[in-house]
Every structure is written in C-alpha cells, then in structure tokens.
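See structure below.
Read-outs: derived from the displayed coordinates by stated rules, not from any lab. As the structure is a computational prediction, the values presented were derived from the model and not from experiment. Here Cβ is always computed from backbone atoms with ideal geometry, including for glycine, and neighbour counts include all displayed protein chains.
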Amino acid sequence: MTARDLTPAQRRALERQVSTAVLLAFVKIEHPNLATPLYLVADAMDYLRDGILWTGVLFQVTPPSDNESAPQATITVPNTDRRIGLALRTLTERALVTLDICTSDDFNLALDPRESLGPVTPIYPPVRYELVDVECTVAELSGTLMVRDFAQEPWPAIFATQSKVPGSFR
C-alpha cells in the first residue's frame, strides 16, 4: 500500500466541489537505450520543475491501485509519431518509469514554459515502476506500470548444483 502525505491545504483543494487546480502527472522514463531520460508531463504545455524541462504530452495515467497488492497503474500515450512504436518494439529490457502527481497550484500558469512557484510537493510521491505489457496500435500505445513484487519471485533463484559449485561436491 502506498502512503500519501497531503498538507491540509492540498486536502481542502482536492475535496472542494469546484476547483481551479488540475492534477498533473509527471513521468520520467529511463532505459539503457536512451541517452538521457525522457521527462514528460500530462499537459499540452511544457513545465520547468527543479531545473528540468518537462515536455508536455497529452497522455493518460490511471491512478495506482491502493489495495494490499503492489501498486499498479496504466499509461496510454497517443501514437502520434511512428518512432515511438518502433522504439518500443526494439526494447529487450523493461523501461523504468517514475510517476509522481502534482497540482497545478504549484506552478505559474501564465509563463511558457510553466515554472514552479517554489518547492513542488507531490500529492502522490514519486514511485519507480517497470513498464510491462506494452501494446501498440495505430491510435495509441498503452502499458502497465508495476512495482516489482519480490514476494512473487521464486526462491532460491540460484541452486547450488555440482556444475555451478563443484568444490562442494567431493
């Protein structure tokens, strides 16, 4: 289960019936094939946060699950560029995705790119996921964001056999 530490002001803003604040998903994508990580924000505008330029892309993220199992979310990105689908098909390892959700109240929305007004306090703290079950269609790319559940790993993963440790077998 994931803990969410909200300030009283954030809680009041989220629980209002009418609010001008918008929730923004910030996604950092890392993979050994990428020279630098991709920094994306779910908005049409770019954002400058912590000295990093986050590129605005209109993608959708479902909130992570909040039950007793490991957190899991889904991400859907419009397939607007053939290079995205081609790049995903050549991946042999899972991409690592860091997701945190912030509110637009922490940014000056009159600037381009939008800049933070001070320290940004995420509503949903950054969690590092693995991107799995990627599906690519003509219209969109989608995948599941999962935290590796070590409770489901086979144990022991390595067995002490005679071929691996011959000194133990005399």
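For D46, the amide hydrogen comes within under 5 Å of the amide hydrogens of G56, R114, counting only partners 5 or more places away or on other chains and with H modelled in the peptide plane. Placing pseudo-labels 7 Å out from each Cα toward the beta carbon at T7 and E93 gives an inter-label distance of 3.8 nm.
The HN-Hα couplings worked out from phi for the range 125-130 by the Karplus form 6.51 cos²θ - 1.76 cosθ + 1.60 (θ = phi - 60°) are x, x, 10, 9, 10, 9 Hz, whole numbers, x standing for Gly and Pro. If you plug the beta carbon distance of S19 and T76 into 1/(1 + (r/R0)^6) with R0 = 22 Å, you get a FRET efficiency near 0.35. Whole-Hz Karplus values for the range 100-108 come out as 9, 10, 10, 10, 6, 5, 7, 10, 8 Hz, taken residue by residue from phi with 6.51 cos²θ - 1.76 cosθ + 1.60 and θ = phi - 60°; glycine and proline positions read x. Annotation: amide H of F107 within the under-5 Å range of L117, sequence separation 5 or more or interchain, hydrogens built in the peptide plane.
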